[in-house]
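Have a look at the structure below before the remarks.
The values are calculated or read from the model by the stated rules, or taken from the named source; none is laboratory data. Given the structure is predicted, the values throughout are model-derived calculations rather than measurements. When we count neighbours, we look across all protein chains shown, and the Cβ atoms used for this are built from the backbone with ideal geometry, even at glycine. With ligands, DNA and RNA removed, areas are computed over all heavy atoms of the protein, side chains included. Shrake-Rupley method; radii C 1.70, N 1.55, O 1.52, S 1.80 Å.
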Amino acid sequence: MIIAYEPMWAMNTGRVSSADQTQEAMELIRGWLKENAGTEVAEKTRIVYAGPITETNTENVIKLKDVDGFLVGSTSCKPVFRTIFDMVSV
């Protein structure tokens, strides 16, 4: 299972959540899964960050404990996407 998380206030705004805000939200999601679907489901579920991803926030966000990847939108059509891809695939 994959769950994509994007802060509602960030949708179509380009505003980026802080690393602390993102990790807190991911922990809440994983905790809810553990409580309501069990530990195995919580551990196997991939939670991806779907908020704005840029070359300046990628390294910090991908290092967060509960972020398993990104759901990249319009950035995937820009040349900077290659830089972001390289940061994540290391």
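Count, please, the residues in the stretch 81-90 that happen to be open to solvent by 90 Å² or more (accessible area, probe 1.4 Å) and touching a residue at least 12 places away in the same chain (Cβ under 8 Å).
Of the residues in that region, 0 qualify.
Which pairs do you get when a residue that is farther than 19 Å from LYS63 by Cβ, found in the stretch 10-32, comes within reach of a residue that is open to solvent by 60 Å² or more (accessible area, probe 1.4 Å) and assigned to a helix (DSSP H, G or I), reach meaning Cβ atoms under 9 angstrom, with the pair 6+ apart or on two chains? Within 9 Å, the pairs are ARG15/TRP9.
Pairs meeting the criteria (first residue in the stretch 35-46 and in a helix (DSSP H, G or I), second residue open to solvent by 100 Å² or more (accessible area, probe 1.4 Å) and not β-branched (Val, Ile, Thr), beta carbons under 8 Å, at least 6 apart or on different chains) are VAL41/MET1; VAL41/LYS34; ALA42/LYS34; LYS44/MET1.
If only residues of the stretch 2-50 that are surrounded by 12 or more Cβ atoms within 10 Å (Cβ to Cβ) and of a type in the set (Ser, Thr, Tyr) are counted, the one that is modelled with the lowest pLDDT is SER17. Considered as a group, the residues in the stretch 51-62 that are in contact with a helix residue (DSSP H, G or I) (Cβ under 9 Å, 6 or more places away or on another chain), open to solvent by 60 Å² or more (accessible area, probe 1.4 Å) and free of Cβ contacts under 8 Å to residues at least 40 places away in the same chain include one that is nearest to GLN21 (Cα to Cα), and that residue is GLU59.
Just one of the listed residues (LYS65, LYS78) is open to solvent by 100 Å² or more (accessible area, probe 1.4 Å) and modelled with pLDDT of 85 or more, and it is LYS65.
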